[in-house]
Structure formats: C-alpha cells, structure tokens
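Colleague: Got a structure for you, written out below as structure tokens; questions coming shortly.
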4 protein chains.
Amino acid sequence: MRHLGAELAGVKAGLVTICLPFRPELTQQHGYFHAGGTSSIADTAGGYAGFTLFPEESSVLTVEFKLNLLNPGQGDWLQAVGRVVKPGRTLTVCQLDVWGIGPDRRVHVATGLQTLICVKDRPA
Amino acid sequence: MRHLGAELAGVKAGLVTICLPFRPELTQQHGYFHAGGTSSIADTAGGYAGFTLFPEESSVLTVEFKLNLLNPGQGDWLQAVGRVVKPGRTLTVCQLDVWGIGPDRRVHVATGLQTLICVKDRPA
Amino acid sequence: MRHLGAELAGVKAGLVTICLPFRPELTQQHGYFHAGGTSSIADTAGGYAGFTLFPEESSVLTVEFKLNLLNPGQGDWLQAVGRVVKPGRTLTVCQLDVWGIGPDRRVHVATGLQTLICVKDRPA
Amino acid sequence: MRHLGAELAGVKAGLVTICLPFRPELTQQHGYFHAGGTSSIADTAGGYAGFTLFPEESSVLTVEFKLNLLNPGQGDWLQAVGRVVKPGRTLTVCQLDVWGIGPDRRVHVATGLQTLICVKDRPA
C-alpha cells in the first residue's frame with residue numbers, strides 16, 4: 001500500500017475506507033487509474049474491515065475476491081470501502097466498493113465481494 | 001506494470017505470460033508477495049491474452065475478474081498466465097493462473113476467471 | 001422457475017423480488033434449501049431486474065454470476081432480490097441477495113454479483 | 001439433484017462428473033437448458049469432487065462459486081465436471097466446467113470456480 005501511495009482514511013468496526021491519490025505512474029494507456037490499483041485498494045479495504053472484527057493474536061488472509069469494473073478509474077483520488085456483510089469465526093465476507101472522487105462528482109468505479117479467513121495465533 | 005516492475009515474458013495467440021521479480025516493496029507483512037501485485041499481473045496477463053485475438057483498431061477493458069488465492073506469493077518471481085477460454089466478438093473469457101517460481105519449486109499462487117470486452121474503433 | 005415453484009413477488013425499475021416456498025424436494029441432506037434453488041432464483045431475480053431497464057425488442061442473457069453462501073437456506077420461503085448497480089447499453093451489473101424468511105426471523109442466505117448482456121432485436 | 005433428474009456419472013479422487021439429460025421443463029424461453037440447471041449441477045459436481053478428498057465423518061459446504069456462461073445450454077444432455085485445483089484441510093478450491101453434449105458436438109456451456117469448506121464431525 002505504501003508502494004502505491006494509499007492511505008487509511010477511516011476505520012470503524014467492520015467498515016474501512018482507503019484513499020489512493022491520483023499519480024501519473026498509476027494510470028493505464030487512457031489516463032485512468034489502472035485496474036491493478038483499484039483492485040489492490042479494494043482488496044486491502046476489505047481485508048482491514050474483516051480484521052477489525054477478528055480476535056487478538058489473529059491474522060487475515062484473502063481467500064478469494066471478485067470485482068466488477070463499472071466505470072473508468074477517474075478523479076483526483078480513488079476511495080475504496082470495505083464493509084463486512086457476514087462476520088464469522090473462520091470465514092468473513094465483505095462487500096467492496098471503489099469510487100472515483102473528483103471536484104464535482106463521485107463515480108462508482110468498481111463493486112465486488114471478498115472472502116477472508118481468520119488465521120488464529122499468528123499476529124498480523 | 002512498469003511501476004510494479006513486471007515484464008511481458010511470452011505472447012502467443014490467446015496466451016500471455018507476465019513475470020514479476022521479487023522486490024521487497026511488493027511484499028506484505030509476512031514477506032510474501034502482496035495480493036495486489038498478484039492480482040495486477042493476473043488481470044494484465046488475461047487482458048493481453050484477449051487482446052491478441054481482437055481485431056485491429058480495437059481496445060480491451062476488463063469487465064470483471066475473480067481470483068482465488070491458493071498459496072502465499074512466494075519464490076524469486078511470480079509468473080502470471082492468461083489464457084483465452086472463450087473468444088467472442090464482444091466478450092472474451094480468460095482463465096488466469098499465477099505461479100510462484102523458486103529455484104527448486106513452482107507453487108500455484110492463484111487461479112481466476114476474467115471477462116473482457118472488446119471496444120471497437122478505439123486504439124489501445 | 002415454474003419447475004421450482006418460484007413466483008415473481010415484486011417488480012420495479014431495476015429491482016425484482018422472487019419468492020420460493022419451501023418444498024421437501026428442494027432440500028439437501030440436512031433439510032435446508034439446496035444451493036441450486038438459491039442460485040437459480042438469485043440469477044433469475046437479477047436477470048429480470050436488468051431486463052426492466054432494457055429497451056423493447058431486446059432480451060437478457062447472464063454473462064456470469066458469483067454467489068457467496070452466507071447461511072443455510074432456511075425458513076418457510078426464500079426471497080431473492082436482484083438490484084441493478086450499474087445499468088448499461090450493453091452490460092448491466094446487478095447485486096443479488098437471498099433471504100430465508102421464517103415466522104420470526106430473516107436470515108441472509110446469499111449475496112452475489114451478476115453481469116448481464118442486453119441482446120438487441122431478439123424478443124425475450 | 002433427483003428433482004432435476006441429474007445423475008452421478010463418474011467419481012475419481014478429486015474429479016466428479018454429473019449428467020443432466022434434456023427435459024422440456026428445464027429449458028428457458030429459447031429452448032436451451034436454463035442457467036439454473038447448469039449452475040446447480042456445476043456446484044454439485046464441484047462439491048462432490050472436494051468431498052472425495054475429505055476425511056471420514058466430515059461434510060462439505062459451498063462457501064462461494066462463480067460461473068461464466070459461455071454458450072447456450074444445448075444438446076441432449078449437460079455434463080458437469082468438478083475438479084479439485086487446490087485441496088486443503090479447511091478450504092478446497094475446484095474448477096467447474098459444464099458441457100452440452102449432442103450427437104456430433106460438445107459445446108463449452110460454462111466454466112467456473114468454487115470454494116468449499118470441510119465441516120468436521122458432521123457426517124454428510
């Protein structure tokens with residue numbers, strides 16, 4: 001995340017927001033954010049959202065995720081929101097959404113689902 | 001991809017391989033490749049694989065993809081293979097696989113599926 | 001759907017609800033609704049939800065869908081809700097949710113995402 | 001499965017085939033197999049494939065699955081093949097493929113991925 005320049009922008013129980021400011025090296029051929037950045041911050045936001053509900057001394061791993069890319073990644077920054085839909089002792093399911101935030105509009109860039117596993121006795 | 005340090009390692013019709021050498025800034029807390037790098041090169045390998053079958057003067061966009069993370073991203077480099085399962089005039093479906101390549105073994109890091117759309121009359 | 005005994009319970013623009021009453025032949029080994037029924041009505045609810053926004057003389061096909069099974073399919077009936085997240089001229093993305101409805105509670109049985117394609121000039 | 005008329009056609013360790021003969025009540029508006037039947041037998045084939053590798057006194061649940069519908073479900077019968085890609089103590093990942101089998105050709109109807117969980121001490 002540091003490598004991308006992403007920042008943790010909000011942390012509540014089961015709900016995490018990550019922001020990724022626009023940088024030229026994160027764009028693809030048409031000047032939009034590359035899907036790789038979009039999926040990285042979406043996956044990370046969901047992972048942290050699940051982790052907020054995990055017991056101490058545990059760690060989180062992504063089992064799988066699926067992302068629908070709805071609109072080009074545009075705007076001054078991307079905002080990824082991970083929200084726990086179903087917490088569980090072993091598996092947790094999160095909804096992932098990524099928005100492109102500009103001065104006067106907010107575009108739904110991606111929506112997805114993610115399955116996390118709680119790994120016990122292994123601190124993050 | 002340049003930002004990640006990934007390289008195009010093989011291009012055939014409907015089959016593309018991308019390699020990502022290990023770099024400390026691409027790892028997560030446990031020293032493995034971060035899932036973000038894994039999913040970025042998987043998505044890119046599939047996109048290029050589809051693109052090899054598209055008509056001239058067209059461009060490729062990822063509609064959606066889904067990735068199962070099977071093993072930690074380990075080894076000297078990651079190898080992502082995108083393979084067209086079903087080519088189409090509008091939509092193309094690819095299988096995505098990522099392997100972690102070490103001196104003496106090859107680990108299946110991720111497997112996935114991806115839907116691409118061919119955008120006509122817009123050069124890549 | 002007729003074969004399953006499912007019924008269209010609500011139709012608004014971009015939002016469709018389908019109900020499937022409990023029947024012994026739809027259960028699996030533990031007495032819950034079988035995942036096959038759950039995914040069938042989820043897919044159908046999303047398909048109809050997209051179709052409500054399509055132009056006349058067009059038809060709908062499911063490109064792909066993904067479903068997370070959150071809780072066993074329990075209750076007197078299943079309720080599947082398909083909601084359009086992103087309408088499009090060619091592709092439409094829907095969120096799918098299935099609930100198990102009992103006399104005194106409502107259980108989130110499944111959540112998913114679906115990509116639909118609008119096929120022009122072919123009536124449904 | 002009995003309700004659909006599906007039959008177990010082959011069982012090896014980590015590889016299961018299920019067949020579903022054509023029946024008018026399983027078709028949708030255009031005379032093809034309905035996607036609901038396709039996804040039901042795909043999910044079941046994968047579940048059984050994982051189950052062949054599970055320890056005794058355990059049971060299998062589908063955590064999630066994703067299916068790309070590649071071609072209309074056509075032919076005399078559908079053949080669903082579930083194949084374990086990554087076995088695990090807790091989670092198992094399967095590849096799902098469905099083929100439409102006719103007198104003189106075999107059409108790739110769907111491909112997908114599925115995550116299973118092994119539930120211990122609960123016989124199937």
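The values are calculated or read from the model by the stated rules, or taken from the named source; none is laboratory data. Note that the structure is predicted; figures quoted are calculated from it, not measured. Note that each Cβ is placed from the backbone with ideal geometry, even for glycine, and that neighbours are counted across all protein chains shown. Side chains are part of the model used for accessible areas, which takes the heavy atoms of the whole protein and leaves out ligands, DNA and RNA. Shrake-Rupley method; radii C 1.70, N 1.55, O 1.52, S 1.80 Å.
Colleague: Among the residues of the range B:3-18, is any without any contact (Cβ under 8 Å) to a residue 60 or more places away in the chain, in contact with an Asp or Glu (Cβ under 8 Å, 6 or more places away or on another chain) and among the β-branched types (V, I, T)?
Modeller: Within the range B:3-18, none of the residues are without any contact (Cβ under 8 Å) to a residue 60 or more places away in the chain, in contact with an Asp or Glu (Cβ under 8 Å, 6 or more places away or on another chain) and among the β-branched types (V, I, T).
Colleague: If I filter the range B:67-82 for residues that are surrounded by 18 or more Cβ atoms within 10 Å (Cβ to Cβ) and either free of Cβ contacts under 8 Å to residues at least 24 places away in the same chain or under 23 Å from B:D121 (Cβ atoms) (or both), do I get at least one hit?
Modeller: If we filter the range B:67-82 for residues that are surrounded by 18 or more Cβ atoms within 10 Å (Cβ to Cβ), which is where we start, we get B:67-70, B:73-75, B:77-82.
Filter again for either free of Cβ contacts under 8 Å to residues at least 24 places away in the same chain or under 23 Å from B:D121 (Cβ atoms) (or both), leaving none.
Within the range B:67-82, none of the residues are surrounded by 18 or more Cβ atoms within 10 Å (Cβ to Cβ) and either free of Cβ contacts under 8 Å to residues at least 24 places away in the same chain or under 23 Å from B:D121 (Cβ atoms) (or both).
Colleague: Check whether at least one residue in the range D:93-108 is of a type in the set (F, W, Y), farther than 22 Å from C:A110 by Cβ and within 12 Å of the chain's Cα centre (by Cα), and report yes or no.
Modeller: To start, the set of residues in the range D:93-108 that are of a type in the set (F, W, Y) comprises D:99.
Subset that is farther than 22 Å from C:A110 by Cβ: D:99.
Still in the list and also within 12 Å of the chain's Cα centre (by Cα): D:99.
Yes, the conditions are met somewhere in the range D:93-108.
Colleague: While we're on this one: Mind checking which residues of the range D:24-39 are touching a strand residue (DSSP E or B) at 6+ places or on another chain (Cβ under 9 Å) and not β-branched (V, I, T)? Walk me through it before giving the result.
Modeller: Looking only at the range D:24-39, we keep the residues that are touching a strand residue (DSSP E or B) at 6+ places or on another chain (Cβ under 9 Å), and these are D:26-30, D:32-35, D:37-39.
D:L26, D:Q28, D:Q29, D:H30, D:Y32, D:F33, D:H34, D:A35, D:G37, D:S39 - these are the residues of the range D:24-39 that are touching a strand residue (DSSP E or B) at 6+ places or on another chain (Cβ under 9 Å) and not β-branched (V, I, T).
Colleague: Assess whether A:P103 counts as being without any contact (Cβ under 8 Å) to a residue 60 or more places away in the chain, surrounded by fewer than 18 Cβ atoms within 10 Å (Cβ to Cβ) and out of contact with any Gly (no Cβ under 6 Å at 6 or more places or on another chain). Quick ask: steps written out before the conclusion?
Modeller: Details: without any contact (Cβ under 8 Å) to a residue 60 or more places away in the chain: yes; surrounded by fewer than 18 Cβ atoms within 10 Å (Cβ to Cβ): yes; out of contact with any Gly (no Cβ under 6 Å at 6 or more places or on another chain): yes.
Yes: the conditions hold for A:P103.
Colleague: Among the candidates C:G73, C:G46, single out the residue that is touching a strand residue (DSSP E or B) at 6+ places or on another chain (Cβ under 6 Å), small (G, A, S) and more than 30 Å from D:S59 (Cα to Cα). Even if it seems obvious, please write down each step before you answer.
Modeller: On the way: C:G73 fails: more than 30 Å from D:S59 (Cα to Cα).
Exactly one residue qualifies, and that residue is C:G46.
Colleague: Here's a follow-up. In the range C:1-31, which residues are open to solvent by less than 10 Å² (accessible area, probe 1.4 Å) and at positive phi?
Modeller: Selection gives C:G14 alone.
Colleague: Something else now. Residues in the range A:66-79: is at least one of a type outside the set (D, E), within 17 Å of A:A13 (Cα to Cα) and in contact with a Phe, Trp or Tyr (Cβ under 8 Å, 6 or more places away or on another chain)? Give the steps one after another, and end with the answer.
Modeller: Initial filter on the range A:66-79 (of a type outside the set (D, E)): A:66-75, A:77-79.
Adding the requirement that they be within 17 Å of A:A13 (Cα to Cα) leaves none.
No, the range A:66-79 contains no residue that is of a type outside the set (D, E), within 17 Å of A:A13 (Cα to Cα) and in contact with a Phe, Trp or Tyr (Cβ under 8 Å, 6 or more places away or on another chain).
Colleague: Inspect all residues belonging to the range C:32-44 and state whether any of them is of a type outside the set (S, T, N, Q), in contact (Cβ under 8 Å) with a residue 12 or more places away in the chain and open to solvent by 30 Å² or more (accessible area, probe 1.4 Å). Please lay out each step first, then the result.
Modeller: Here is the first cut: in the range C:32-44, the ones of a type outside the set (S, T, N, Q) are C:32-37, C:41-43.
Restricting the remaining residues to those that are in contact (Cβ under 8 Å) with a residue 12 or more places away in the chain gives C:32-35, C:37, C:41-43.
Those still in the list that are open to solvent by 30 Å² or more (accessible area, probe 1.4 Å) too: C:32, C:34.
Within the range C:32-44, one or more residues are of a type outside the set (S, T, N, Q), in contact (Cβ under 8 Å) with a residue 12 or more places away in the chain and open to solvent by 30 Å² or more (accessible area, probe 1.4 Å).
Colleague: Now, a different point. In the range D:43-63, what residues are under 20 Å from C:N71 (Cα atoms) and not polar (S, T, N, Q)?
Modeller: Keep residues of the range D:43-63 that are under 20 Å from C:N71 (Cα atoms), which gives D:43-44, D:46-48, D:50-51, D:58-63.
Matches in the range D:43-63: D:D43, D:G46, D:G47, D:Y48, D:G50, D:F51, D:V60, D:L61, D:V63.
Colleague: Separate question: Going by the conditions given, is C:T62 among the polar types (S, T, N, Q), under 23 Å from D:V109 (Cβ atoms) and crowded, with 24+ Cβ neighbours inside 10 Å? Quick ask: steps written out before the conclusion?
Modeller: On the way: among the polar types (S, T, N, Q): yes; under 23 Å from D:V109 (Cβ atoms): yes; crowded, with 24+ Cβ neighbours inside 10 Å: no.
So C:T62 fails the test.
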